[in-house]
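Just below is one structure, and these are the notes that go with it.
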Amino acid sequence: MGEEKGRQKKLLFLVTEDWYFCSHRLPIARQALKSGFEVVVATHVQKHAKQITDEGFRLIPISMRRSGVTLVGELSALIDLISLYRKEKPDIIHHVAMKPAIFGSIAALFSSAKLIVNAVNGLGTLFSSTSKKTILLRFIIKNSLRFLFNRPKSHLIVQNPDDYKSLASLASLNPDQISLIPGSGVDIAHFSVLAAPKNGYVIALVSRMLQEKGVADLVEATRILRADGIDVSLILAGRTDEDSATSIPQAQLHEWSKCGYIKWVGTSNDVREIWAKASIAVLPSYYREGVPKALLEAAACGRPIITTDMPGCRDVVIHDQNGLLVPIKNPVALAQAIGKLLQEPQKRKTMGMAGRKRVERVFSEEIIVQQTIDLYNKASQKP
């Protein structure tokens with residue numbers, strides 16, 4: 001018994017993509033390692049294996065992907081997870097995003113873990129799409145959540161109040177079974193306030209190039225402004241996504257770029273270079289976001305934000321304080337909001353500094369990481 005008491009606790013992250021773990025969960029894993037946990041990362045390995053292992057984490061490649069291809073493949077991935085959990089015997093399992101939370105929660109029924117953390121980073125197209133396939137999937141998942149999430153060892157993390165209300169109701173959760181932790185956190189030392197760009201008429205969108213991120217709406221809004229004689233230019237920064245049915249084809253992005261005032265730059269190795277060039281961050285999303293990290297990074301750099309009045313997006317922006325909220329799928333309203341800020345440099349500066357202070361107060365990496373570590377310690381000590 002003494003040997004078991006002194007055993008190092010094991011924390012296992014389950015996340016479908018290695019790049020997402022590195023961009024959104026690395027600081028939490030680092031702090032867990034410093035706090036004495038053995039940290040294991042189970043993910044689909046692409047280009048970030050060395051980065052993960054260099055941090056001192058043990059890496060386990062898995063076959064599960066964000067988008068399943070066949071029923072046989074999905075069943076095989078689930079069986080592999082059950083085997084993995086039985087072999088590794090983690091004390092805490094941290095599932096990142098909805099699919100790992102569902103598959104992982106099923107696999108965890110066969111594990112001895114003391115705590116299952118299901119971190120849902122927004123409800124995405126699952127709760128906003130009207131396609132027949134998604135409606136059927138939504139029905140199945142909604143009827144599974146209560147069984148999977150409302151269990152003695154399970155704890156749900158959501159990123160915004162809308163998701164808190166929706167999922168607490170769907171899964172019939174008590175307050176001690178769910179936590180609101182707003183996002184993944186921002187390194188406010190790395191993302192420091194940047195000087196205003198010399199050309200104040202540059203705007204930028206940083207995200208995956210998905211239809212539901214409102215990319216086409218922003219392109220149209222840019223065209224409207226240009227037609228009105230406003231010399232605005234747009235930077236689109238982010239990758240296409242082969243795992244998403246709504247990914248914007250590269251051919252379309254290159255076609256938009258031919259006009260000269262729109263430029264798709266792909267993935268940026270240092271997004272601060274984007275915010276050094278752009279005076280306004282724009283995300284006209286109609287996707288059920290968690291808390292968009294790209295907007296938090298922009299705010300930390302002192303950039304005002306224009307985004308939609310959607311869950312997650314509206315949690316970053318207080319309208320007319322650190323940015324502007326606009327209706328979804330409305331390029332005209334979007335153009336009006338952009339035009340307003342482009343012509344008021346002092347207001348951009350005031351809003352940018354208000355956004356920076358809000359990030360420091362609510363969304364800093366230090367705050368978010370500590371909230372998560374506290375949850376590990378508190379929830380895993382329950383009898």
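Before moving on, here are some points about what is shown:
- Residue-level analysis places I305 outside the set of residues that are farther than 18 Å from A354 by Cα and touching a helix residue (DSSP H, G or I) at 6+ places or on another chain (Cβ under 9 Å).
- Single residue of Y201, Y164 found to be among the aromatic types (F, W, Y), surrounded by 15 or more Cβ atoms within 10 Å (Cβ to Cβ) and more than 23 Å from A335 (Cα to Cα): Y164
- Any hit, the stretch 258-274, residues being within 20 Å of M353 (Cβ to Cβ) and touching a strand residue (DSSP E or B) at 6+ places or on another chain (Cβ under 8 Å): yes
- The lone exception for S172 - which of (1) under 30 Å from Q252 (Cβ atoms); (2) surrounded by fewer than 18 Cβ atoms within 10 Å (Cβ to Cβ); (3) hydroxyl-bearing (S, T, Y) it fails: (1)
- All positions within the stretch 266-294 that are small (G, A, S), closer than 23 Å to W19 by Cβ and touching a Phe, Trp or Tyr at 6+ places or on another chain (Cβ under 8 Å): A281
- Note on the stretch 261-280: residues that are in contact with a Leu (Cβ under 6 Å, 6 or more places away or on another chain) and closer than 17 Å to A196 by Cα total 3.
- Filtered by the rule that a residue be closer than 17 Å to K114 by Cα, surrounded by 12 or more Cβ atoms within 10 Å (Cβ to Cβ) and at pLDDT below 95, the stretch 3-36 gives a lone residue, K9.
- Search result, residues across the stretch 223-257 that are acidic (D, E) and under 19 Å from R66 (Cβ atoms): D241, E242, D243
- Checklist (1) β-branched (V, I, T); (2) within 21 Å of L194 (Cβ to Cβ); (3) crowded, with 19+ Cβ neighbours inside 10 Å applied to V326, failing item: (2)
- Elements of type helices (runs of 4 or more DSSP H) in the stretch 284-383, at least 1 residues being more than 27 Å from S247 (Cβ to Cβ) and at pLDDT below 95: 365-380
- Flag for I93 being outside any helix (DSSP H, G or I), assigned by TED's automatic domain parsing to the domain that holds L14, modelled with pLDDT of 95 or more and under 16 Å from T16 (Cα atoms): yes
- A single entry from K47, K89 fulfils the requirement of being exposed (fewer than 12 other Cβ atoms within 10 Å of the Cβ) and touching a residue at least 40 places away in the same chain (Cβ under 8 Å): K89.
Conditions tested, residue by residue: (1) assigned by TED's automatic domain parsing to the domain that holds K340; (2) at pLDDT 95 or above; (3) not in a loop (DSSP other than H, G, I, E, B).
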| site | (1), (2), (3) |
| --- | --- |
| A221 | yes, yes, yes |
| L225 | yes, yes, yes |
| I230 | yes, yes, no |
| L234 | yes, yes, yes |
| D241 | yes, no, no |
| A245 | yes, no, no |
| L253 | yes, yes, yes |
| W256 | yes, yes, yes |
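- Boolean, A216 is assigned to a helix (DSSP H, G or I), out of contact with any helix residue (DSSP H, G or I) (no Cβ under 9 Å at 6 or more places or on another chain) and in contact (Cβ under 8 Å) with a residue 24 or more places away in the chain: no
- Of the residues making up the stretch 223-256, those that are touching a Phe, Trp or Tyr at 6+ places or on another chain (Cβ under 8 Å), touching a residue at least 24 places away in the same chain (Cβ under 8 Å) and surrounded by fewer than 17 Cβ atoms within 10 Å (Cβ to Cβ) are I230, D231.
- When L75, L12, L33, L71 are checked against the criterion of being in contact with a helix residue (DSSP H, G or I) (Cβ under 9 Å, 6 or more places away or on another chain) and assigned by TED's automatic domain parsing to the domain that holds Y376, a single residue qualifies: L12.
- Residue within the stretch 175-187 that is within 30 Å of D241 (Cβ to Cβ), in a helix (DSSP H, G or I) and touching a helix residue (DSSP H, G or I) at 6+ places or on another chain (Cβ under 6 Å) present: no
- Pairing residues of the stretch 311-328 that are not assigned by TED's automatic domain parsing to the domain that holds S166 with residues that are surrounded by fewer than 24 Cβ atoms within 10 Å (Cβ to Cβ) and of a type in the set (S, T, Y), at Cβ distances under 8 Å and at least 6 apart in sequence or on separate chains, gives I328/Y286.
- Within the stretch 267-283, the set of residues being in contact with a Lys or Arg (Cβ under 8 Å, 6 or more places away or on another chain) and at pLDDT 95 or above comprises W275, A278, S279, I280, A281, L283.
The values are calculated or read from the model by the stated rules, or taken from the named source; none is laboratory data. All values derive from a computational prediction rather than experimental measurement. Cβ: placed from backbone, ideal geometry, glycine included. Neighbour counts: every protein chain shown.
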